[in-house]
Amino acid sequence: MASETSSLYQPLNAGSVLAYAGRRAELRGIFREGEALEAEEVGDGNLNLVFKVRAKADPRRTVVLKQALPYLRLVGEGWPLPTDRARIEAETLKLQYQFAPEHTPKVFFYDPEMFLTGMQNLDRHIILRQGLMRGIKYPRLAEHIGVFMARMLGGTCDLTLDYKTKKEMVMRFTNPELCKITEDLVFTEPYRPTPRNGYHRELEAQVRALQADESLRVEVAQMKEKFMTHAQALVHGDLHTGSIMVNAEETYAIDPEFAFYGPMGFDVGAVIGNLLLSYASHEVRTADPARRAEFRQYLTGTVIELWEVFTREFQRVVWEKVDAVNFPRAYQEDYMRRILQDAAGMGACKMMRRIIGLAGVADIRGIEDVHARSVAASLALNMGQALLKQRREFGTIHELVEAATACRPSYPWKN
Ligand code: SR1
Ligand code: MG
């Protein structure tokens, strides 16, 4: 796969980004011509350069400039990546802004030569994963993310778009190389021995047992097939808790560079799976049993509420607008049940990949004590397996939560 960059493309750094930002006419509403700016590179993700640029005279006047590198930052130049993902991200953000402006950073411009997007800096917010690791509760999270997903997914599917627009959208948002990363890292590599997997030695016995379970691999293959073939809606494609920024009042979804036409359950499952990873991590992150139970209550309550909000908003933006002759009530209920079951299965795969695969998450891999980390990781693996295997039984979100919370760690593993 070639990574096509233009002759004008050059990766910026904390110095060169200042002149670049100063030149952009689209930022004139924020920065005055010729004024002194300062910048830092803050990208902590796996793929891109991210700069925060501020006016020296008034740091409240600030933007984020996000630039795609032609290779995977996590691994280096040996893993080339198409820079077209920056266009997909910018176009997705613009669409998401139309559907849910209160939950989407505003895009000021997209530069197709530099594969760079200038957007609103969410300076008063933190990454949700970091907040959850510290045990902070976000009371509006479920409402906001439920609404965001329902509007975005409901607004880009066949139920609401005319037949031609939908097909044009599928072409515009075809994102093969980033989908391949997901196919490999979420649905393939964790379930077989491969050098790219990244779990620690203490988990070896449990991971080997999981990989030896052929019935599990059948379920994973079904999820992978659905991911690859079910062009249901424009999904964010990477909606984990590191792609959500929060404070007590506001919630924003960021980083939709993995966006493509895929199954709605992939996004819903990403949020649920990552909240459940946090649940597993607090097995050891919160030592006091009463505080642990209280925070877990918040996490499972958030899972339940976000699904309820999602279905309520989906009712408003989709089902109230469709023709009831062709889409009778029973069909609508079955459609929602299928999203729930897809969310359980795909969220489960996303949980297991974060334990076994190449790109882990700080909730679990950031636990310093290796035995404590193994306990949390073991629990997360068991939750993932339970959700994946039991998903067809789930008719309500409560059943999904019950199946997850019934799990216990099996570390230390006994053969
Ligand atoms: C190799 S890229 C690893 C992961 O980072 C992104 O956030 C996606 O989750 C991807 O799978
Ligand atoms: Mg990302």
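The values are calculated or read from the model by the stated rules, or taken from the named source; none is laboratory data. Owing to the predicted nature of the structure, the values given are computational and were not obtained by experimental measurement. Ideal geometry is used to build each Cβ from the backbone, glycine not excepted, and the neighbour counts take in all protein chains shown.
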Completion exercise
The residue from Ala290, Ala280 that alone is farther than 19 Å from Arg365 by Cα and either modelled with pLDDT of 95 or more or surrounded by 15 or more Cβ atoms within 10 Å (Cβ to Cβ) (or both) is Ala290
Completion exercise
Tyr191 passes all but one of the listed conditions (1) among the hydroxyl-bearing types (Ser, Thr, Tyr); (2) over 26 Å from Ile145 (Cβ atoms); (3) within 16 Å of ligand 2 (Cβ to nearest atom); the exception is number (3)
Fill in the blank from the handout: Within the range 40-66, the count of residues that are part of a strand (DSSP E or B), within 16 Å of ligand 1 (Cβ to nearest atom) and loosely packed, with under 14 Cβ neighbours inside 10 Å comes to 0
Exercise for the section: Could you figure out which of (1) among the small types (Gly, Ala, Ser); (2) closer than 20 Å to Ile127 by Cβ; (3) over 29 Å from the mean Cα position of the chain (by Cα) isn't true of Ala55? Expected result: (2)
Problem - Scope the range 154-186; condition assigned to a loop (DSSP other than H, G, I, E, B) and crowded, with 16+ Cβ neighbours inside 10 Å; matching residues - result: Thr156, Cys157, Leu159, Thr160, Leu161, Phe173, Asn175
Practice task
Could you list, in sequence order, all residues of the range 5-60 that are in contact (Cβ under 8 Å) with a residue 24 or more places away in the chain, among the small types (Gly, Ala, Ser) and touching a strand residue (DSSP E or B) at 6+ places or on another chain (Cβ under 7 Å)?
Solution key: Ala14, Ala21, Ala39, Gly43, Ala55
Handout entry: Test set (1) away from ligand 2 (no atom under 15 Å from the Cβ); (2) assigned to a helix (DSSP H, G or I); (3) buried (at least 17 other Cβ atoms within 10 Å of the Cβ) - Ala86 fails condition number
Key = (1)
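Listed here are the residues, each with its yes/no results for (1) touching a helix residue (DSSP H, G or I) at 6+ places or on another chain (Cβ under 7 Å); (2) touching a residue at least 60 places away in the same chain (Cβ under 8 Å).
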{"residue": "His125", "(1), (2)": "no, yes"}
{"residue": "Arg129", "(1), (2)": "yes, yes"}
{"residue": "Arg140", "(1), (2)": "no, yes"}
{"residue": "Val170", "(1), (2)": "no, yes"}
{"residue": "Leu178", "(1), (2)": "yes, yes"}
{"residue": "Arg208", "(1), (2)": "no, no"}
Problem - For Gly345: the one exception among (1) buried (at least 21 other Cβ atoms within 10 Å of the Cβ); (2) more than 20 Å from Asn274 (Cβ to Cβ) - result: (2)
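Restricting the range 189-229 to residues that are part of a loop (DSSP other than H, G, I, E, B) and among the polar types (S, T, N, Q), which is surrounded by the fewest Cβ atoms within 10 Å (Cβ to Cβ)?
Thr194
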Practice task
Could you please find all residues in the range 85-129 being within 16 Å of ligand 1 (Cβ to nearest atom) and modelled with pLDDT under 95?
Solution key: Arg85
Completion exercise
Among Met336, Met383, the single one that is surrounded by fewer than 22 Cβ atoms within 10 Å (Cβ to Cβ), part of a helix (DSSP H, G or I), at pLDDT 95 or above and under 23 Å from the mean Cα position of the chain (by Cα) is Met336
Handout entry: Selected residue [within 16 Å of ligand 2 (Cβ to nearest atom), within 17 Å of Gly384 (Cα to Cα) and either among the hydrophobic types (A, V, I, L, M, F, W, C) or touching a Phe, Trp or Tyr at 6+ places or on another chain (Cβ under 9 Å) (or both)] from Leu203, Leu185, Leu178, Leu210
Key = Leu185
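Tell me, which residue of the range 237-257 that is of a type in the set (Gly, Ala, Ser) and more than 8 Å from ligand 2 (Cβ to nearest atom) is surrounded by the fewest Cβ atoms within 10 Å (Cβ to Cβ)?
Filtering first and then ranking leaves Ala248.
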Practice task
Could you tell me whether Gly237 is within 16 Å of ligand 1 (Cβ to nearest atom), touching a residue at least 40 places away in the same chain (Cβ under 8 Å), within 21 Å of Ala359 (Cβ to Cβ) and in contact with a Phe, Trp or Tyr (Cβ under 7 Å, 6 or more places away or on another chain)?
Solution key: yes
Practice task
Could you tell me whether any residue of the range 212-224 is within 21 Å of Arg354 (Cβ to Cβ) and among the acidic types (Asp, Glu)?
Solution key: yes
Fill in the blank from the handout: Output for Cβ contacts, cut-off 8 Å, separation at least six or different chains, first residue within 12 Å of ligand 2 (Cβ to nearest atom) in the range 61-74, second of a type in the set (Lys, Arg), reads Ala68/Arg85
Practice task
Kindly list the number of the only condition in (1) in contact with a helix residue (DSSP H, G or I) (Cβ under 8 Å, 6 or more places away or on another chain); (2) touching a residue at least 40 places away in the same chain (Cβ under 8 Å); (3) part of a helix (DSSP H, G or I) that fails for Met114.
Solution key: (3)
Practice task
Determine if the range 259-269 includes at least one residue that is surrounded by 21 or more Cβ atoms within 10 Å (Cβ to Cβ), assigned to a helix (DSSP H, G or I), at pLDDT 95 or above and within 16 Å of ligand 2 (Cβ to nearest atom).
Solution key: yes
Practice task
Go over the candidates Val361, Val401, Val375 one by one and state the one that is β-branched (Val, Ile, Thr) and in contact with an Asp or Glu (Cβ under 7 Å, 6 or more places away or on another chain).
Solution key: Val375
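Looking at the range 245-258, which of its residues are within 12 Å of ligand 1 (Cβ to nearest atom) and among the aliphatic types (A, V, I, L, M)?
Ile254, the sole residue that qualifies.
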